[in-house]
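> Quick one: the structure is below, and I'll ask about it shortly.
The values are calculated or read from the model by the stated rules, or taken from the named source; none is laboratory data. Just so you know, these numbers come straight off a predicted model, no measurement behind them. Positions of Cβ are generated from backbone atoms using ideal geometry, with glycine treated the same way; all protein chains shown enter the neighbour counts. Ligands, DNA and RNA are stripped out before the accessible areas are found, and what is left, the full protein with its side chains, is counted by its heavy atoms. Shrake-Rupley method; radii C 1.70, N 1.55, O 1.52, S 1.80 Å.
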Amino acid sequence: MRVPTWQVCRSLTTAGLLETVRRKDLYVVLILTILMVLGASAFRIFGVSGLEIFVKDVTFLAIGVLSTVLTVLIAARQLPDEVQRRTIYPLLARPITRGQLLLGKWLTAFVTASVSFLILAGTAYALLLLLGIPLKPIFGQYLLLKLMGIGWLCALVVALSVYLTPSANMTLSLILAFGSGLFGRLLLMAHWEHGVSALWLNLLYGVLPHYDLFDMGQKVVYDWSLVPWWVLSAMGLYALTSGGLYLLLGWLRFCKQVLG
Amino acid sequence: MRGAGLLVIFMGLIGGVAIRLAMPVLTERAETLNAITLYDRQAMVSVMGELRSSLAGYLWAKTDEYTHGGVLLRPMTEREKRERTAREASSADEIAHHENETSVIPERERDPRRFWGEIERQVKPFFDVRHHFHRPVREVLPLYRFMTWVDPTFVPGYLVGAQMLLFENKKHLPQAIDFLKEGARNNPRSIALFTELGRYALVYQGDHAQAERYFRHAIANGSDWMPQNPFERDGLLNAYRWLAILKKRAGRLQEARRWAQQGLTRFPSDPVLGRLGH
């Protein structure tokens with residue numbers, strides 16, 4: 001008798017979180033957060049006041065970069081670690097499918113990366129308040145959109161981990177995550193300067209990853225007003241369909257893969 | 001992971017020690033502007049010096065972004081300039097001047113991506129760059145203070161920072177002059193800073209004698225080399241121009257012509273010096 005998917009996901013997520021605590025992954029987040037606090041406090045020590053925008057800019061840049069790197073690191077090791085430690089065999093000996101395992105691993109990565117991100121963002125928020133720098137309500141939308149982006153990125157990295165070695169996966173994932181904005185710019189320039197047709201541009205643009213669109217940090221930094229909710233809904237739909245497709249592609253490969 | 005954390009702490013400690021070690025030597029760098037001497041001394045110091053210069057450069061680039069509320073501008077391509085297909089950025093106030101610039105994110109009418117373009121315009125800072133307003137100058141002023149504090153040899157920071165101080169409030173003239181003087185103290189071989197001090201003395205204080213001293217100092221600083229840096233190059237050119245104009249206004253035409261002709265030996269194609277020199 002098959003174990004229900006939600007039960008598999010819950011067990012794997014709990015185990016994954018415990019593993020994260022055991023491996024002291026969160027220590028890295030806390031150390032980085034402490035460094036951020038000390039760095040920002042330096043402005044007070046040196047008496048450079050009025051740098052609120054700069055402090056916010058650096059803070060959101062740090063959150064964006066650190067959360068992306070952490071997400072890739074966490075998601076990229078989910079499946080390879082199980083294979084390397086040979087714990088995947090007793091797992092698959094239970095009445096669970098490979099699809100359930102893949103989904104569970106994605107959820108584990110998503111929850112762990114989200115918790116790390118929320119700790120980072122929460123600390124940054126508290127720190128900014130402590131420095132007398134309030135944030136506008138758009139910060140709430142920023143968190144929501146970023147969580148969608150983390151879910152999407154986890155799906156991409158977990159799917160790639162079935163196809164690539166861990167180091168190749170991390171490298172490619174980081175390039176895709178940090179380079180996504182640049183790919184779009186290059187396509188637009190190719191359209192304007194070299195006459196690439198709008199149809200090709202849209203086809204390529206649809207295929208390319210758009211992780212950069214999940215980051216509203218710059219709007220938070222400059223206190224812009226709230227973004228229409230349809231934008232967040234559309235991005236949620238994109239994260240769901242695109243992330244689902246990645247997981248599907250990963251599952252198709254994982255099902256046929258000979259382990260060990 | 002734990003190893004990475006320990007590495008970060010270790011790097012932080014090493015970085016702190018290195019900054020402390022680098023401080024006195026970097027102050028000397030500001031006075032001599034001789035980076036080669038500095039690099040010959042200590043590899044670690046040169047690395048920290050580069051870091052400071054890079055941070056100042058980063059802050060310099062950021063000032064433009066800050067005045068536009070995060071909206072990114074880029075230079076127009078030759079094709080865009082020729083065909084006028086992109087919206088050209090123009091300023092509705094006097095804080096910044098734009099020439100042949102457009103927004104990085106395209107406007108709706110020009111964006112072939114339609115849905116994705118609309119999403120990008122919503123999640124990233126974007127506005128119509130034609131006839132736009134800027135954020136208050138006071139928000140970027142600390143950046144000039146910070147960038148010159150980080151790298152005291154960053155001359156453009158002093159020049160534009162002083163101008164911004166004055167732009168925010170005309171009563172800030174003493175602070176603007178003090179800021180320029182600080183720059184001149186940190187960069188005694190700079191040309192542009194002394195020319196700017198001379199211009200302030202002449203235009204805002206009406207002190208012709210002091211202005212002349214500064215212009216002469218600027219020319220003396222540039223007597224044995226031709227700067228490639230546009231700020232310093234313009235500083236040298238303007239020092240000759242101002243001195244010639246100063247003498248002409250004082251009715252000392254012979255001296256005005258002499259300074260203009262001297263300037264023409266350095267900048268033969270300058271039309272202003274050309275008119276003053278004949």
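> So, R0 is 35 Å and r is the distance between the beta-carbons of B:THR265 and B:ASN100; what FRET efficiency does that work out to, to 0.05?
Rounded to the nearest 0.05, the efficiency is 0.60.
> For segment B:137-277, what is the accessible area per residue in Å², given a 1.4 Å probe and the full set of protein chains?
47
> Ranked from highest to lowest mean number of other Cβ atoms within 10 Å per residue, what is the order of the peptides B:65-73, A:165-173?
B:65-73, A:165-173
> Determine the alpha carbon to alpha carbon distance for each of A:LYS136/B:LYS124; B:LYS62/B:LYS170; A:LYS219/B:LYS62; A:LYS146/B:LYS124; A:LYS24/A:LYS146 and list only those over 18 Å.
Where the Cα-Cα span goes over 18 Å, the pairs concerned are B:LYS62/B:LYS170; A:LYS24/A:LYS146.
> Can I ask one more? Can you report the principal axis dimensions of the protein assembly as shown using only the alpha carbons, biggest first, rounded to whole angstrom?
Computed over the protein assembly as shown, the largest-to-smallest principal extents equal 106, 54, 40 Å.
> Given the C-alpha centroids of segment B:202-278 and segment B:109-155, what is the distance between them in whole angstrom?
For segment B:202-278 versus segment B:109-155, the Cα centre distance is 36 Å.
> While we're on this one: Counting only other chains, what is the mean number of Cβ atoms within 10 angstrom of the Cβ of each residue in peptide B:76-85?
Averaged over the peptide's residues, the number is 1.
> Can you spot the lysines whose alpha carbon is less than 28 Å from A:LYS256's alpha carbon? Ignore those fewer than 8 places along the same chain.
Of all the lysines, those that pass the test against A:LYS256 - Cα under 28 Å, at least 8 places apart if same chain - are A:LYS105.
> Also, quick follow-up: Which order do the peptides A:111-120, B:131-140 come out in when sorted by mean C-beta neighbours inside 10 angstrom, highest first?
A:111-120, B:131-140
> Which of rounded, prolate or oblate describes segment A:5-256 when judged by the alpha-carbon gyration tensor and an a/c cut-off of 1.5?
It comes out oblate by the Cα gyration axes.
> Sticking with this structure for a sec: Just tell me, in residue order, which DSSP H segments of chain A are both 20 angstrom or longer along the helix axis (alpha-carbon based) and at least 1.6 in mean Kyte-Doolittle hydropathy.
Length and hydropathy pass: A:25-45, A:138-163.
> Give me the percent of the accessible area of segment A:1-136 that comes from carbon and sulfur atoms, probe 1.4 Å, all protein chains in place.
70
> Further, regarding this structure: Can you compute the helix-only [θ] at 222 nm over the protein assembly as shown? Use -39500 (n - 2.57) per DSSP H run of at least 4 residues, normalise by all residues, nearest 500 deg cm²/dmol.
It comes out at -24500 deg cm²/dmol, rounded to the nearest 500.
> Expected output is a single nm value to one decimal: the length gained when fully extending between B:ASP178 and B:GLU83, i.e. 0.36 nm times separation in residues minus the C-alpha distance. What is it?
29.6 nm
> Also, quick follow-up: Would segment B:92-166 count as rounded, prolate or oblate if I go by the C-alpha gyration tensor, calling it rounded below 1.5 in a/c and otherwise prolate when a/b exceeds b/c, oblate otherwise?
prolate
> Turning to a different aspect of this structure: How shielded is A:217-225 by partner chains, expressed as the average number of their Cβ atoms within 10 Å of its Cβ atoms?
5
> Also, quick follow-up: Work out Dmax and Rg for segment B:73-131 from the C-alpha atoms and quote the Rg first, both in angstrom.
In order Rg, Dmax, the Cα atoms of segment B:73-131 give 11.9, 35 Å.
> Counting only protein heavy atoms and rolling a 1.4 Å probe, how much accessible area do B and A lose on contact, total for both sides, in Å² to 100?
Looking at B and A, the buried total is near 4000 Å².
> Further question on the same structure: Using the alpha carbon gyration tensor of segment B:105-210, what are the three equivalent-ellipsoid semi-axes (square root of 5 times each eigenvalue), largest first, in whole Å?
Values for segment B:105-210, descending: 39, 16, 12 Å.
> Most fluctuating residue of A:PRO134, A:PRO80, A:PRO95 in a GNM of chain A with Cα springs under 10 Å: which is it?
Most flexible of the set in this elastic network: A:PRO95.
> Taking B:LYS248 as the anchor, which aspartates and glutamates have their alpha carbon closer than 19 Å to its alpha carbon, excluding any fewer than eight residues away along the same chain?
In chain and number order, the partners are B:ASP207, B:GLU212, B:ASP270.
> Could you tell me whether segment A:69-152 comes out rounded, prolate or oblate from its Cα gyration tensor? Rule is a ≥ b ≥ c as square roots of the eigenvalues, rounded for a/c under 1.5, then prolate if a/b exceeds b/c, otherwise oblate.
prolate
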